[in-house]
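Trainee: Below are the structure tokens for one structure; questions will follow.
The values are calculated or read from the model by the stated rules, or taken from the named source; none is laboratory data. Computed from a predicted model, the values in this text were never measured in an experiment. Cβ placement follows ideal geometry from the backbone for every residue including glycine, while neighbour counts extend to all protein chains displayed. Surface areas here come from the heavy atoms of the whole protein model, side chains and all, with no ligands, DNA or RNA. Shrake-Rupley method; radii C 1.70, N 1.55, O 1.52, S 1.80 Å.
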Amino acid sequence: MKKNTLFSLVLLLITTISFAGVSVDWIRSTDNILSNSGTAVARDKKDNVYTTTHSSGIYFTKRDKFGNFLWQVSSTTTIPFNYEYPSWIHIDPQGNPVVVGFRYTSPSEGKHANSLIVLKYDPNGNLVYKKNIDGDYSYFQNSPLSMYWTKITSQMDSSGNVYIGTSGGVTGYPSGFTVVKVSPAGTLLWVSAKTFTSSTSFHFVNNIRLKADRIAVAGVTAYSSANSTHWVLDTTGTSLWNNIQEGIGGKDAAFDKAGNIYFLTWVSPNFSGDVRVYKFNPTGSLLWQKNYDFGGSDLASRMEYSSTDNSIAIMAYGNQNPPGSLYVDWITFKIKANGALVWSKRYDKHSNNDEIPGMMAVDKDGDIFVAGIGGPFPGGSNLGKRQMVTVKYSTAGTEEWVYALDTINEYNEGVGIAIAKNGSIYVVGSVNTLLVHLLDNTGTDPCNVPVNINVSAIANQSATISWSPVANAYLYHIQYKTSTSLVWTQISTNTTSFTLTSLTEGTTYNYKVEAVCNSGPTGFSPAAQFTTLGTGYCASKGLDASKEWIDLVYLGSLLNSTPDSDGGYADYTYLSVDLLQGGSYDITLSADMNPYGSTEYWRVWIDYNQDGDFTDAGEQEVAYKSTQIGWESHTFSVPATAVTGPTRMRVSMKHGAAPSPCEIFNLGEVEDYTVNILPAKTATDMTITNNASIADLFLSPNPSTGSTTISYNGFEGNITLQVFDVTGKLTVESVISGTTLSLDVSEWTPGIYFVRMTDDAGHAASKKLLKQ
């Protein structure tokens, strides 16, 4: 079987993955935006799920509870060298989603925020208002160090007012700890600032919390000798009390039923580190302070109050033995209202790597969910050593289940958790906004595999699958694939029939169905087949691909690396890429050979008119021969008249002579993919913005080992060049001029990079660059 390594993060997981007590309902990613990172997740009363994505601007996506895409909107700024970042999502009482974030410049040290942003949309994705609150929001005010990034945190009350907490200051107000209140209509109601004495003017807010008419702010106001600074104000903006305690930064706060306030920090006796919690009564009197030592250097991170048993759940991380342990584990523990430790759990599934928590949530039963990054790595040692991990602890401290998602990218961290009405969990990851819907299977109801499964209304591109209802089932999963594919696509539904669409004519599909009850999924029925109407695509393959095969196809967001082969045909139509009518694209292809030096003939066809063949004029896009095993790029343009929607792309490599699209030949390989043709004016493509359709850039050579020349046109005024690595980290930023420049990549780590240019007028263009 061909080993398949995918850059796309929704991979290997279309099939249901089930651990004890947990199963996967569906997985989605926001991979239509280059170099993006997920930041937050929320759900509304109907369990529609919202995610925010950062990629120079703010991208906001809504899906229904079955993972079906509903809409995506974006927000950017036209201010030169400025970008926007989403921090949090709220849903107001009327069901309108609200995004809180900030505008920033991006020096080498990080994000320097200069405006708070509130974006309110209606449930259909229409913008209700965009509110900017300009100021200087950074660690240091009026200091050369003010370029360091800041943190924006927010809360929403039951009336839909938004409270934003940060360091720095709103223009015209003092700097320090700052909280602003924005009305449901987008009006700035008040600004409250609290300045603490500091020789370096250092202020940093980690989090704010809201309970009834009280707001608690946790942060730090000393740079060289950190502290835990606490500030409490009411919802009118009136400061009630504040104090400064020992600690390495105030990390979080929580209120209990009586209005007492808990502040979280960590202290460093002999540089070993213990978690510390302070408890104050509503008027600010210290009731107690307690340290929690778990054997190493323990750093506090987040806390959540549980009304179920009047307790506090705390998330931290630390090593087990400071002198001899370089790796940290995440620690979850629970304390009573009097500070007594109830239980603690250390998550350490991989002894030679870090496990770090990213977010925590507590449900109505007091169960605790923690998401982060860590082990184990279920895919094996050839994949990433760290995964996006979610763990459930019962209110009594039992580790009920662990879900480790191997996304191949070691930097994908769970950064947001939303708990649905039925107790299921949405977890969003930091890379490609990977969104996973997990089912928490806590019941005991019996559940049977569906029967009487039938296919009806079979057409050229659709078919309807139906089955008999299963007692106790609240959900069903359908899996289907072409008969030649290795990967199943999974559909989630609460009905007993579903119509599959966007199928390929004259193609045989396998399908199967499972039921899901509160006790978990039943497992799938035996696979059956149906064949769509129409002629379908002709067969093509190499009879022997053991000595030469296709090992890379890279087009836009599609990157499929296949290091070996034992077959002459591979169906990768479950992998797709969006192409724009009239757009110009580079496709990179690579072969592997044993021995090297064979002459291979390459052809690429795209069925632009979607008539089921590759014989029409203009459908052959690539034709060349090569003896190389390296990556070779070729540029092609999509016809402006190409039919919109999904269609077939065929990549063929034949030894010794040029292949035809329907040929069975002796030596070589054929691979099929899906391309989705989008109309020019509505394509969601990072190379195009609302006012930037004329800008473009070109990279040559690409891939590159030493330097690459960037040619660009359609830009005006000052031009900013940015390069991001595959994790979204900004690695290069420079103001440039002219129409070409040479970029030295000789010292870069081999891999994938994203080159982006913007100008004063808001034009933007991006391309991928491969460093060998």
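For (1) at pLDDT 95 or above; (2) closer than 24 Å to residue 436 by Cα; (3) of a type in the set (Lys, Arg), each residue gets a yes or a no:
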| site | (1), (2), (3) |
| --- | --- |
| 35 | no, yes, no |
| 43 | yes, yes, yes |
| 79 | no, no, no |
| 94 | yes, no, no |
| 128 | yes, no, no |
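Trainee: Taking only pairs six or more apart or across chains, which ones have beta-carbon atoms under 8 Å, a first residue in the stretch 109-138 that is free of Cβ contacts under 8 Å to residues at least 24 places away in the same chain, and a second residue that is polar (S, T, N, Q)?
Mentor: Correct list of pairs: 115/132.
Trainee: Only one of (1) open to solvent by 20 Å² or more (accessible area, probe 1.4 Å); (2) more than 27 Å from residue 474 (Cα to Cα); (3) in contact with a strand residue (DSSP E or B) (Cβ under 9 Å, 6 or more places away or on another chain); (4) part of a loop (DSSP other than H, G, I, E, B) is not met by residue 78, so which one is it?
Mentor: Just one mismatch for residue 78, condition (3).
Trainee: In the stretch 96-126, how many residues are of a type in the set (S, T, N, Q), in a strand (DSSP E or B) and modelled with pLDDT under 95? Before you say what the answer is, go through the steps one by one.
Mentor: Residues of the stretch 96-126 that are of a type in the set (S, T, N, Q), as a first pass: 96, 105-106, 108, 114-115, 124, 126.
Restricting the remaining residues to those that are in a strand (DSSP E or B) gives 105, 114-115.
Then keep just the ones that are modelled with pLDDT under 95; that gives 105, 114.
Going through the stretch 96-126 one residue at a time, the tally reaches 2.
Trainee: Could you list, in sequence order, the residues of the stretch 88-105 that are open to solvent by 20 Å² or more (accessible area, probe 1.4 Å) and over 23 Å from residue 46 (Cα atoms)?
Mentor: 103, 105
Trainee: Sticking with this one: Quick check on the stretch 621-633. Is at least one of its residues assigned to a strand (DSSP E or B), at pLDDT below 90 and open to solvent by 40 Å² or more (accessible area, probe 1.4 Å)? Even if it seems obvious, please write down each step before you answer.
Mentor: Going through the stretch 621-633, the residues assigned to a strand (DSSP E or B) turn out to be 621-626, 632-633.
With at pLDDT below 90 added as a condition, the list becomes 632-633.
Right, trim to open to solvent by 40 Å² or more (accessible area, probe 1.4 Å) and you get 633.
Looking for residues that are assigned to a strand (DSSP E or B), at pLDDT below 90 and open to solvent by 40 Å² or more (accessible area, probe 1.4 Å), one finds at least one in the stretch 621-633, hence yes.
Trainee: Restricting to the stretch 185-219, what's the tally of residues that are in contact with an Asp or Glu (Cβ under 7 Å, 6 or more places away or on another chain), open to solvent by 50 Å² or more (accessible area, probe 1.4 Å) and touching a residue at least 40 places away in the same chain (Cβ under 8 Å)?
Mentor: Residues meeting the conditions: 1.
Trainee: How about the stretch 27-79: which of its residues are closer than 28 Å to residue 767 by Cα, small (Gly, Ala, Ser) and in contact (Cβ under 8 Å) with a residue 40 or more places away in the chain?
Mentor: Answer for the stretch 27-79, where residues must be closer than 28 Å to residue 767 by Cα, small (Gly, Ala, Ser) and in contact (Cβ under 8 Å) with a residue 40 or more places away in the chain: 29, 35, 37, 38, 40, 55, 56, 75.
Trainee: With surrounded by 23 or more Cβ atoms within 10 Å (Cβ to Cβ) and among the aromatic types (Phe, Trp, Tyr) as the only criterion, which of 50, 83 stands out?
Mentor: Values: 83 fails: surrounded by 23 or more Cβ atoms within 10 Å (Cβ to Cβ).
Result of the check over 50, 83: 50.
Trainee: Of the residues 661, 639, which is more than 29 Å from the chain's Cα centre (by Cα) and either part of a strand (DSSP E or B) or touching a residue at least 60 places away in the same chain (Cβ under 8 Å) (or both)? Step through it out loud before you land on a result.
Mentor: On the way: 639 fails: either part of a strand (DSSP E or B) or touching a residue at least 60 places away in the same chain (Cβ under 8 Å) (or both).
On inspection, the qualifying residue turns out to be 661.
Trainee: Then there's this: Sort out which residues of the stretch 482-507 are surrounded by fewer than 17 Cβ atoms within 10 Å (Cβ to Cβ), more than 18 Å from residue 24 (Cα to Cα) and either among the small types (Gly, Ala, Ser) or touching a Leu at 6+ places or on another chain (Cβ under 7 Å) (or both), and write them in order of number.
Mentor: Listed by number, the residues that qualify are 483, 497, 502, 506.
Trainee: Can you tell which of 421, 392 is open to solvent by less than 30 Å² (accessible area, probe 1.4 Å) and in contact with a strand residue (DSSP E or B) (Cβ under 9 Å, 6 or more places away or on another chain)?
Mentor: On the way: 421 fails: open to solvent by less than 30 Å² (accessible area, probe 1.4 Å).
Exactly one of 421, 392 is open to solvent by less than 30 Å² (accessible area, probe 1.4 Å) and in contact with a strand residue (DSSP E or B) (Cβ under 9 Å, 6 or more places away or on another chain), namely 392.
Trainee: Turning to a different aspect of this structure: With the structure loaded, tell me whether residue 746 is farther than 14 Å from residue 710 by Cα, open to solvent by 40 Å² or more (accessible area, probe 1.4 Å) and either modelled with pLDDT of 80 or more or part of a strand (DSSP E or B) (or both) or whether it fails that test. Write out each step before concluding.
Mentor: Working: farther than 14 Å from residue 710 by Cα: yes; open to solvent by 40 Å² or more (accessible area, probe 1.4 Å): yes; either modelled with pLDDT of 80 or more or part of a strand (DSSP E or B) (or both): yes.
For residue 746, the condition - farther than 14 Å from residue 710 by Cα, open to solvent by 40 Å² or more (accessible area, probe 1.4 Å) and either modelled with pLDDT of 80 or more or part of a strand (DSSP E or B) (or both) - is met.
Trainee: Let me ask something else. Hey, can you tell me all the residues within the stretch 413-440 that are touching a Ser or Thr at 6+ places or on another chain (Cβ under 6 Å) and polar (S, T, N, Q)?
Mentor: 430, 432, 433
Trainee: Here's another thing I want to ask about it. Would it be correct to say that residue 646 is within 21 Å of residue 571 (Cα to Cα) and touching a Lys or Arg at 6+ places or on another chain (Cβ under 6 Å)?
Mentor: Details: within 21 Å of residue 571 (Cα to Cα): yes; touching a Lys or Arg at 6+ places or on another chain (Cβ under 6 Å): no.
Judged against the criteria, residue 646 is not a match.
Trainee: Now for a separate question. From 306, 297, grab the single residue that is farther than 21 Å from residue 205 by Cβ, in contact with a Pro (Cβ under 6 Å, 6 or more places away or on another chain) and buried (at least 19 other Cβ atoms within 10 Å of the Cβ).
Mentor: On the way: 306 fails: in contact with a Pro (Cβ under 6 Å, 6 or more places away or on another chain).
Just a single option satisfies the conditions, and that option is 297.
Trainee: Which one of these is under 19 Å from residue 296 (Cα atoms), open to solvent by less than 10 Å² (accessible area, probe 1.4 Å) and touching a residue at least 24 places away in the same chain (Cβ under 8 Å): 312, 368, 356, 331?
Mentor: On the way: 312 fails: under 19 Å from residue 296 (Cα atoms); 368 fails: under 19 Å from residue 296 (Cα atoms); 356 fails: open to solvent by less than 10 Å² (accessible area, probe 1.4 Å).
Result of the check over 312, 368, 356, 331: 331.
Trainee: Then there's this: So, in the stretch 642-658, exactly how many residues are assigned to a loop (DSSP other than H, G, I, E, B) and hydrophobic (A, V, I, L, M, F, W, C)? Write out each step before concluding.
Mentor: Let us first name the residues in the stretch 642-658 that are assigned to a loop (DSSP other than H, G, I, E, B), namely 642-644, 656-658.
Still in the running and hydrophobic (A, V, I, L, M, F, W, C): 642-643, 657-658.
The total comes to 4.
Trainee: Search the stretch 569-602 for residues being in a strand (DSSP E or B) and among the small types (Gly, Ala, Ser), and hand back the single one that is surrounded by the fewest Cβ atoms within 10 Å (Cβ to Cβ).
Mentor: Top of the filtered list is 584.
Trainee: Go through the stretch 351-362 residue by residue and tally those that are within 19 Å of residue 415 (Cβ to Cβ) and outside any strand (DSSP E or B). Talk me through it step by step, then tell me what you get.
Mentor: Of all residues in the stretch 351-362, those within 19 Å of residue 415 (Cβ to Cβ) come to 353-362.
So of that shortlist, the ones also outside any strand (DSSP E or B) come out as 353-355.
Going through the stretch 351-362 one residue at a time, the tally reaches 3.
Per-residue answers, yes or no, for (1) at pLDDT 95 or above; (2) crowded, with 17+ Cβ neighbours inside 10 Å:
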{"site": "231", "(1), (2)": "yes, yes"}
{"site": "239", "(1), (2)": "yes, no"}
{"site": "245", "(1), (2)": "yes, yes"}
{"site": "249", "(1), (2)": "no, yes"}
{"site": "256", "(1), (2)": "yes, yes"}
{"site": "259", "(1), (2)": "yes, no"}
{"site": "265", "(1), (2)": "yes, yes"}
{"site": "270", "(1), (2)": "no, no"}
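Trainee: What do you reckon, is residue 556 within 19 Å of residue 605 (Cβ to Cβ) and over 34 Å from the mean Cα position of the chain (by Cα)? Reasoning before the result, please.
Mentor: Details: within 19 Å of residue 605 (Cβ to Cβ): yes; over 34 Å from the mean Cα position of the chain (by Cα): no.
So residue 556 does not fit the description; no.
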